[in-house]
Each structure stands twice: as structure tokens, then as C-alpha cells.
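Values in this text are rule-based calculations from the coordinates and carry no lab data. Bear in mind the structure is a predicted one, so any value in this text is a computation, not a measurement. Here the Cβ positions follow ideal geometry from the backbone for every residue, glycine too, while neighbour counts run over all protein chains shown.
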Amino acid sequence: MKTDLKDRTFHFSLDVIDLVEQLPKTKATNVIAYQLIKSGTSVGANYRAAKRSRSDKEFISKINIVLEKVV
């Protein structure tokens with residue numbers, strides 16, 4: 001069963017948020033949690049921005065940003 005990348009990135013963002021919610025509440029984990037949420041949710045946002053690109057070159061440029069966040 002193949003799902004759309006938009007749906008997959010959305011569910012990935014939700015999974016990241018769920019993970020962060022399970023972390024203990026300390027100063028150190030608060031810093032890590034903040035960064036995890038920012039990077040985990042930006043994958044979907046960047047993918048949607050790539051889908052709205054006006055040209056193939058722009059799409060490739062923006063999708064590479066998504067790949068940088070994932071890898």
C-alpha cells in the first residue's frame with residue numbers, strides 16, 4: 001500500500017511530537033525537544049513548499065532541502 005508523501009510527512013511530524021511528549025521534563029531535554037520538533041515538523045512544511053514550486057529546477061532545489069532534514 002503506497003501512501004502519499006504529504007501524508008507520510010504529516011504522520012512523521014505527529015510521531016515526532018508524540019516522542020517529544022514522552023521525554024522527561026528537564027532543562028536538557030527541553031532544549032533537545034525544541035530542536036526535535038522544529039526539525040521533525042519542517043520536513044512536511046518543506047515538502048509542501050516543494051510541491052508548490054513553479055518549475056522543475058525550483059522543485060529539485062526545494063526537495064533537496066527536505067532530504068537534508070531527513071538524512
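Miscellaneous remarks
- Its Cα centre serving as origin, the chain has a Cβ charge dipole (Lys and Arg +1, Asp and Glu -1) of approximately 260 debye.
- For residue 62, the lysines whose Cα comes closer than 30 Å to its Cα, not counting residues fewer than 8 places off in the same chain, are 2, 6, 38, 51.
- Taking Cα atoms only, the orientation of helix 56-70 departs from the longest principal axis of the chain by about 20 degrees.
- CD proxy at 222 nm, helix term only [per DSSP H run n ≥ 4: -39500 (n - 2.57); per residue of the chain; nearest 500]: -28000 deg cm²/dmol
- For the chain, excluding the exposed loop sites themselves (trypsin sites (Lys or Arg not before Pro), DSSP loop, at most 11 other Cβ atoms within 10 Å), the longest remaining stretch covers 26-51.
- For the pair residue 15 and residue 28 in one chain, pulling the backbone fully straight at 0.36 nm per residue adds 2.6 nm over the alpha carbon distance.
- Placing a pseudo-label 7 Å from each Cα along the Cα-to-Cβ vector at residue 37 and residue 51 gives an inter-label distance of 2.4 nm.
- Among the listed values (1) 13.1; (2) 14.4; (3) 15.6, the one computed from these coordinates for Kirkwood radius over Cα pairs in Å is (1).
- Rounded to the nearest 10 degrees, the inclination of helix 5-22 to the longest alpha-carbon principal axis of the chain is 10 degrees.
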